[in-house]
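Read the figures in this text as sums done on the coordinates, not as results from a lab. Computed from a predicted model, the values in this text were never measured in an experiment. We place every Cβ from the backbone using ideal geometry, glycine too, and count neighbours over all the protein chains shown.
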Amino acid sequence: MFLATAIVSALLAAVLTGSALMKLSHRPSVVETYAKLGVPESRLNALATLLIAGAAGLVVGLFWEPIGIAAAICLVLYFFGAMGFHIRADDFKSLPVPASLTILAAVALALRLASL
């Protein structure tokens, strides 16, 4: 069970880190994408910080379970919020991305809980 938890957590942490770096870049295409969702550029650094904290929590959580559980719960909530922003903006084309990450975070949580 631990191996599956480690693989899912590492995969999700890598994706989160990549997403955070994209947000931190403030590239015009990134800023435009988030502006369409109603997220101002001034919030991108905060969102990136949350993703980096989530990635770190998943990795640390492999060694200290409560942190991993808390990180996975927070990530599920984060991506539910992201799905809400996509739905509110009628951006159903991009909705599968946060939906997939919600599922991956939920799987990480389920695996972490199952390995207790």
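Suppose the chain between Ser115 and Val15 were pulled fully straight at 0.36 nm per residue; how much longer would it get relative to their current alpha carbon spacing?
33.7 nm
Please go through the range 45-107 and write out the chymotrypsin sites (Phe, Trp or Tyr not before Pro) that DSSP classes as loop and that have at most 15 other C-beta atoms within 10 Å.
Loop-located and lightly packed - Phe63, Trp64, Phe92.
Of the listed values [x] 68, 25, 20; [y] 42, 25, 18; [z] 36, 33, 26, grab the one calculated as Cα extents along the principal axes in Å from the structure here.
Correct label is [y].
What number, in percent, do you get for the relative contact order of the range 39-116 if the mean sequence gap of Cα pairs under 8 Å and at least 6 apart is divided by its residue count?
Relative CO of the range 39-116 lands at 27 percent.
Can you give the helix-only mean residue ellipticity at 222 nm for the chain, where every DSSP H stretch with n ≥ 4 adds -39500 (n - 2.57) and the sum goes over all residues, rounded to the nearest 500 deg cm²/dmol?
That calculation yields -27500 deg cm²/dmol at 222 nm.
Less than 15 Å Cβ to Cβ from Leu44, Lys/Arg counted +1 and Asp/Glu -1: what total charge do the surrounding residues give?
+2
Among Ala53, Ala89, Ala99, whose mean-square fluctuation peaks in a Gaussian network model of the chain (Cα, cutoff 10 Å)?
Ala89
Okay, which of the range 71-115 sit inside 17 Å, backbone N to the point 7 Å along the Cα-Cβ direction of Val30?
From the range 71-115, the list is 98.
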